[in-house]
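Peer 1: Please find one structure pasted underneath; my questions will follow.
The values are calculated or read from the model by the stated rules, or taken from the named source; none is laboratory data. Being a predicted model, the structure only gives us computed values, none of them experimental. Reconstructed Cβ throughout: ideal geometry from the backbone, glycine too, with neighbour counts over all protein chains shown.
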Amino acid sequence: MIVDRRDPIVDSDDDESNNQDQGVDSHAGEMTGCQIMILGANLHSFNYVGYLRTDFFLCNSSPLVYASLYVYSTSRGASYRAHKLLQKLTSMKLLIIHPATFELVKCAEELLPHIPTFQNLNHLLIMGDDVLDFACKGLLSILQNSPQLNHLEIRSPITLSAYDEEQDNWTLEPIPPSFSTHLKTIDLWRFLGSDDELHVVKVLLRTAPVLEKMRFKFFALFMNQIELYEGIKKFPKASPNCEIGLL
């Protein structure tokens, strides 16, 4: 596994608002703007945590099986580098990604049509304390380009920036191809039962005709868990075989 956790070469304690994407950091030895080339004939996993101030190149490596990305930056430079990195991760079967990374990916909106196809990705795990905006174009673009996605797992609170409660009109357009053909399991952890979350659940249930399981882990302090659970089981479903369960 390639691990880069707040390493001096890619991260520092300076304020991210400085937006330093080039040159050398003021901290001794903390270079930014350089290129890191990774050579590994038996490389199977890639794990990154940081500001993505450097370009990463995976050279002569075997197809990656697993990737984990947590990029806490909102700079356009980091967004461009994130898009280039995604081009090197197309073979992965499992992607673990922080909600903030989706927000970064959408910063370079002109690149969203060029996000690669993740032909082998069958498990997308979204986790982190930050809220996940299910209407984020970064998330939706990756879903659109994951045609074999079988398992969608969300371990972050969900919000919906495009949702108008009065009109109740947000939906997935276009519907990701995998939702119609491959998506069998959706797991939602830390579920609060907010209006945004419930609307997302309704949309997912009515756009996934081959879904077999949607499972929930309710927030521990939520008082009306049984009532909420029974209500969700009555939501309309595109899949006649979908079972609503608990984690």
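Peer 1: Regarding the range 83-96, can at least one residue be identified that is closer than 27 Å to T159 by Cβ, modelled with pLDDT of 90 or more and in contact with a helix residue (DSSP H, G or I) (Cβ under 7 Å, 6 or more places away or on another chain)?
Peer 2: yes
Peer 1: Conditions first: (1) farther than 26 Å from K84 by Cβ; (2) of a type outside the set (F, W, Y); (3) not in a loop (DSSP other than H, G, I, E, B). I175 passes all but one, so which condition is the exception?
Peer 2: Failing condition for I175: (3).
Peer 1: Go through the range 105-129 and give me each residue that's assigned to a loop (DSSP other than H, G, I, E, B), more than 23 Å from T185 (Cα to Cα) and either polar (S, T, N, Q) or out of contact with any Lys or Arg (no Cβ under 7 Å at 6 or more places or on another chain) (or both).
Peer 2: Correct list: I115, P116.
Peer 1: Also, I was wondering about something else. Select from the range 50-99 the residues that are among the aliphatic types (A, V, I, L, M) and either over 22 Å from L149 (Cβ atoms) or part of a strand (DSSP E or B) (or both) and list them in ascending order.
Peer 2: Residues satisfying the conditions are L52, L58, A67, L69, V71, A78, L94, L95, I96, I97.
Peer 1: Output the residue which, of all residues in the range 115-125 that are hydrophobic (A, V, I, L, M, F, W, C) and under 19 Å from P177 (Cβ atoms), is surrounded by the fewest Cβ atoms within 10 Å (Cβ to Cβ).
Peer 2: This residue is I115.
Peer 1: Right, another one. Looking for something in contact (Cβ under 8 Å) with a residue 40 or more places away in the chain and under 13 Å from the mean Cα position of the chain (by Cα) - is there at least one such residue anywhere in the range 142-151?
Peer 2: yes
Peer 1: One residue is enough: does the range 160-172 have a residue meeting the conditions part of a strand (DSSP E or B), under 20 Å from the mean Cα position of the chain (by Cα) and within 24 Å of E103 (Cβ to Cβ)?
Peer 2: no
Peer 1: Further question on the same structure: Would you please name the residue that is modelled with the highest pLDDT, looking only at residues in the range 48-77 that are farther than 15 Å from V105 by Cβ and either among the acidic types (D, E) or out of contact with any strand residue (DSSP E or B) (no Cβ under 9 Å at 6 or more places or on another chain) (or both)?
Peer 2: D55
Peer 1: Only one residue in G50, G40 is buried (at least 19 other Cβ atoms within 10 Å of the Cβ) and either in contact (Cβ under 8 Å) with a residue 12 or more places away in the chain or on the phi > 0 side of the Ramachandran plot (or both). Which one?
Peer 2: Going through G50, G40 in turn, the sole match is G50.
Peer 1: Could you list, in sequence order, all residues of the range 210-232 that are loosely packed, with under 12 Cβ neighbours inside 10 Å and either modelled with pLDDT of 95 or more or assigned to a helix (DSSP H, G or I) (or both)?
Peer 2: Of everything in the range 210-232, those that are loosely packed, with under 12 Cβ neighbours inside 10 Å and either modelled with pLDDT of 95 or more or assigned to a helix (DSSP H, G or I) (or both) turn out to be I226, E227, E230.
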